[in-house]
Amino acid sequence: MHAPRSVGGVLARAVTHALVGLEPRRVEVEAHVKDGLPAFVIVGLPDRACAEARQRVKSGITSAELEFPRGRVTVNLAPAGLRKEGSGYDLPIALAVLAASRQLPHDELDRHAAVGELALDGRLRRVVGVLAVAEGARRMGLERVLCPSDSAAEAALAGVEPIPVRHLADAVAYLRGELEPDPILPPRAWDRPPEPDLADVRGQERARRALEIAAAGCHNLLLAGPPGTGKTMLARRLSGLLPPLDGPAALEVTRIHSVAGLLALDQPLVERPPFRAPHHSASTAAVIGGGPGIRPGEASLAHLGVLLLDEFAEFPRPTLEALRQPLEDGVVCIARAAGRALFPARFQLVATMNL
């Protein structure tokens, strides 16, 4: 395949995906290099973190002992009407610029998706939402995803072949056919704190029985009583009574935590029901979801797990009213001027309060 030509310059493309809620949307990173005064422009509705890729990409290419084009470089993130957020566009932008300056083969770039943040020395850092990006690549028929080494195990969960790279120079050498991809190493094992266990509770037969019935029937639960009677201690042990998540459920929960940036290096797949306990001062957007970037809130992070509202009566009324939809429908619909997103939110609500 020959490089696409444009009048007065060379055009190259790389593929990545933007996230709208949990859904990946295909983004073509188009790089155009032509003669003229040196300039580097990124268009296509990037946010500030994405627009700042100019400095990271330029320094990363130089640090990888590659040549940054001396002419005018224009990068377009298409479709232009979709807002691009985050630093995960650094790697596809760098690869598209290198292909447009004829330092990479275009045909190899067309067969890969790419995601990753560049350090100034050319190293690749992990970013949020790699699992969703890999799932988007699989739907588009792409079988390989170039990603940071720390995100390779996460990308593999989507059923594609991750190409783990530690440095921009490694990604370029791989696309040139000069380097075999590194094997995917198992996640590093860390000592995890033990989960709260109901065996820690002495007495409280009625409350223990209520927890067991709630766990068996997926019921919501309200624990009310005087201060110091162990309500919070009991509520925190409900998730320990729930069975591990099966394959599809674990992948669904992992996708949410990946987009929120909460996946641990040693746990690319969330296999235990999540437990979330926001403080009563949390805003409605923090509990339900939303904000400027339409991110999942505590209700979605507790999907298929437990959401604990300690000091239930202290939460603002709008926050409690907003919990009606997820409790009834199992989803949260976030509608903003910038877009609309659906987040799954089927959780067990456990609340504690003083009489």
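The values are calculated or read from the model by the stated rules, or taken from the named source; none is laboratory data. Every value quoted in this text rests on a predicted model; they were computed, and no experiment measured them. Neighbour counts are summed over all protein chains in view; Cβ atoms, including those assigned to glycine, are modelled from backbone coordinates with ideal geometry. Heavy atoms of the whole protein, side chains included, go into the accessibility calculation; ligands, DNA and RNA do not. Shrake-Rupley method; radii C 1.70, N 1.55, O 1.52, S 1.80 Å.
What per residue convex hull volume, in Å³, do the alpha-carbon atoms of the chain yield?
Spelled out: Cα convex hull of the chain, divided by residues, is 143 Å³.
What does the charge count near Arg336 come to, summing +1 for each Lys or Arg and -1 for each Asp or Glu among other residues with Cβ under 12 Å from its Cβ?
Within the 12 Å Cβ shell, the charges total +3.
Where the only charges are on Cβ atoms (+1 Lys, Arg; -1 Asp, Glu), what is the dipole of region 115-225 about its Cα centre, to the nearest 20 debye?
Computed about the Cα centre, the dipole is about 340 debye.
Per residue Cα convex hull volume for region 177-308, in cubic angstrom?
Given the Cα convex hull of region 177-308, per-residue volume reads 161 Å³.
On a straight-distance basis, which aspartates and glutamates could pair with Lys34 in a cross-link, Cα separation under 17 angstrom, same-chain partners fewer than 8 positions away excluded?
Excluding near neighbours in sequence, the set is Glu67.
Leu104's amide H: which non-local residues (gap 5+, or another chain) put their own amide H closer than 5 Å, with H modeled 1.01 Å from N in plane and none for Pro or chain starts?
Ala99
Anyone know which of Ile294, Ile93, Ile256 comes out most mobile in the 10 Å Cα GNM of the chain?
Ile294
Would you mind telling me the share, in percent, of accessible area of region 298-339 contributed by carbon and sulfur at probe 1.4 angstrom?
Reported share for carbon and sulfur atoms: 50 percent.
Of the candidates Arg72, Arg209, Arg272, which one comes out as most mobile in a Gaussian network treatment of the chain with C-alpha springs shorter than 10 Å?
Judging by the Gaussian network model, the answer is Arg209.
Which FRET efficiency, nearest 0.05, do Val41 and Leu179 yield, Cβ-Cβ r, R0 30 Å?
Plugging the Cβ-Cβ distance into 1/(1 + (r/R0)^6) gives 0.45.
Gaussian network model of the chain, Cα springs within a sub-10 Å range: biggest mean-square fluctuation belongs to which of His279, His303, His167?
Ranking His279, His303, His167 by mean-square fluctuation puts His279 first.
At 1.4 Å probe size, with the rest of the protein present, what percent of the exposed accessible area of region 91-224 is carbon and sulfur atoms?
That share works out to 51 percent.
Relative to the Cα centre, what is the charge dipole magnitude of the chain, using +1 at the beta carbon of each Lys and Arg, -1 at the beta carbon of each Asp and Glu, and rounding to the nearest 20 debye?
760 debye
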